[in-house]
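The values are calculated or read from the model by the stated rules, or taken from the named source; none is laboratory data. All figures in this text were calculated on a predicted structure; none of them were measured in a lab. Methodologically, a virtual Cβ is constructed for each residue, glycine included, from the backbone with ideal geometry; neighbour enumeration extends over all protein chains shown. Side chains are part of the model used for accessible areas, which takes the heavy atoms of the whole protein and leaves out ligands, DNA and RNA. Shrake-Rupley method; radii C 1.70, N 1.55, O 1.52, S 1.80 Å.
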Amino acid sequence: MMDTTADRPVSAIDPFSHEFLRDPYPHHEALREAGPVVWLEQYGIWTMARHQEVRDSLIDWQTYCSSAGVGLSDFRKEPPWRPPSIILEADPPLHTRTRAVLTRILSPAAIRILRDMFEREAELLVARLVEQREFDGVADLAEAYSLKVFPDAVGISEDGRENLLPYGSMVFNSFGPRNDLFDRATANAGPVRDWIMSKCSRAALAPGGLGMQIFEAVDSGELSEPEAGMLVRSFLSAGIDTTVYGLGNALYCFARHPEQWSILRENPNLIRGAFEEVLRFEAPVQTFFRTTTKTVDVAGVRLGDGEKVLLFLAAANRDPRRWDKPDVFDVRRRATGHMTFGTGIHGCVGQAVARLESEAIFGALTKRVASFELTGEPTPRLNNTLRGLDTLPLRIVPV
Ligand code: OVM
């Protein structure tokens, strides 16, 4: 609908309603077709759902800043629910300094040494699940693996890891409005937050791990000691739920598209590209916000200064202006250019770790699994930012 007085496309859609989150794709289309930038009247914010505008905004960090928060809440107007992340919720020059440290620690070259451990754990887990035959793809695979390998690599203790998923749920729900999902996720915030923070100190981290490597940047003068702790918190905030949802969505895609699983088994060199296609097709991270730092013209529509902009990464991933047959899951497609990792200065710094996890798991599965059968209806795990499953009942047909 066109708002004639203000000459801007307007929508009454609530992108954080259960109805939207259960099946976002028709709503994504409506938002893309409403215009290059659309006013969401329920929240008084802008949204962009087309690939071009989402990409352009992510690249233009001077106009679309992160320091006012990358959720709906404007840190300039209301207090953040936790001390802001010094990488995600920061702009240059602070961001430049913290990002440089994590870019180095998580570079593809630096994390190559994790490959053997990631592959060994994947083989062990997959062998166990093949033996078991029937299992839950979320709890027994996506969660079990994500809670094992990355926390091990960071160097935190085994006990108490059950706090990691509730914390991630809190973090990613908090980017949305203060709705029922937020309230449920933050109901037991205190003890969970305390446990997380207790794992962020130098004393809690194993020598040689990714966490301790952050503290080594204190010794070299790049970070302060409290900043190092905050960056460990970023590992524990961003590094687990994202891969749980990503691996779960990948399994779901292959259970629903057995012919695509066959293609993968016949061409294991497609595993890397197939995971990119999963990220495009069922994006575990659906959205992030930015805040304007000045008035800006977007395709003829004027956005004011200090306004929230909801960037629909997952809608950009299915924009027919950018993709052929965007609603078809095709592991042979060139899916790079999807927006699930973002792009620009805030583009996912952990993406090489995510890819390593998926390659290890799907490398092990392609060797042992002829096909997946759904033994029940998968159920969604609704979240204000993430899209994925709560349960995925599977049976393996072994090779
Ligand atoms: C952080 C953080 C939290 C959630 C997500 C994220 C996708 C980063 O605390 O830095 O990146």
- Query: Nearest 20 debye, what's the magnitude of the dipole of the range 191-346 about its Cα centre given +1 on Lys and Arg Cβ and -1 on Asp and Glu Cβ?
  - Reply: 440 debye
- Under 25 Å from the Cα of residue 294 - lysines, other chains or at least 8 residues apart: 77, 308
- In terms of Cα to Cα distance under 17 Å, which lysines are near enough to residue 199, apart from those fewer than 8 places away along the same chain? 148
- Query: In the range 35-83, with Lys and Arg counted as +1 and Asp and Glu as -1 at Cβ, which of these residues, 66, 49, 38, has the Cα nearest the positive end of the dipole, that is, farthest along it?
  - Reply: 66
- Message: Quick check for me: using +1 on Lys/Arg Cβ and -1 on Asp/Glu Cβ, what's the dipole size of the chain about its Cα centre, in debye to the nearest 20?
- Response: 640 debye
- So what is the relative contact order of the chain, in percent, for Cα pairs below 8 Å that sit 6 or more residues apart? 25 percent
- Item | Sum of -39500 (n - 2.57) over DSSP H runs of 4+, divided by residues of the chain (222 nm, nearest 500) | -13000 deg cm²/dmol
- Query: What does the highest-first list of 151-158, 247-254 look like by mean Cβ count within 10 Å?
  - Reply: 247-254, 151-158
- Compute the length gained on full extension between residue 399 and residue 334: take 0.36 nm times their separation in residues and subtract their Cα-Cα distance, giving the result in nm to one decimal. 20.6 nm
- Query: Could you give the nm distance between label points at residue 43 and residue 202, where each point is 7 Å from its Cα heading toward the beta carbon?
  - Reply: 4.1 nm
- Reported to the nearest 10 Å², residue 148 has, with a 1.4 Å probe, an accessible area equal to 50 Å²
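Indicate the helices, whole DSSP H runs only, in the chain that combine a mean Kyte-Doolittle hydropathy of -1.0 or more with a Cα extent along their long axis of 24 angstrom or more. Before the final figure, lay out each step's value.
Details: long enough: 115-132 (25 Å, -0.36); 351-368 (26 Å, 0.06).
Taking the DSSP H segments of the chain (at least 24 Å long, mean hydropathy at least -1.0), we get 115-132, 351-368.
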- 1.4 Å probe accessible area per residue over the range 276-366, in Å²: 33 Å²
- Message: Percent of Cα-Cα pairs more than 30 Å apart in the chain, please.
- Response: 39 percent
- Message: What's the magnitude of the charge dipole for the range 245-330 around its Cα centre, counting Lys and Arg as +1 and Asp and Glu as -1 at the beta-carbon? Answer in Debye, nearest 20.
- Response: 220 debye
- Rounded, prolate or oblate: which one fits the range 166-313, using the alpha carbon gyration tensor with axes a ≥ b ≥ c (rounded when a/c is under 1.5, else prolate when a/b beats b/c, else oblate)? oblate
- Query: Length gain on complete extension for the stretch residue 7 to residue 179, per 0.36 nm per residue less the alpha carbon to alpha carbon distance?
  - Reply: 58.9 nm
- Note on the structure: Taking 0.36 nm per residue of separation between residue 187 and residue 19 and subtracting their Cα-Cα distance, the length gained on full extension comes to 58.2 nm
- Note on the structure: Projecting the Cα atoms of 171, 28, 98 onto the charge dipole of the chain, where Lys and Arg contribute +1 and Asp and Glu -1 at Cβ, the residue farthest towards the positive end is 98
- Task: Using only the Cα atoms of the range 243-399, build the gyration tensor, take square roots of its eigenvalues as a ≥ b ≥ c, and label the shape rounded, prolate or oblate: rounded if a/c is under 1.5, else prolate if a/b is larger than b/c, else oblate.
- Result: prolate
- Peptides ranked, highest mean first, by Cβ atoms within 10 Å: ranges 123-132, 42-51, 236-245: 236-245, 42-51, 123-132
- Task: Please work out the Cα convex hull volume for the range 21-149 and give it in Å³ per residue.
- Result: 188 Å³
- So the FRET efficiency between residue 348 and residue 222, C-beta based with R0 = 30 Å and rounded to 0.05, is 0.90
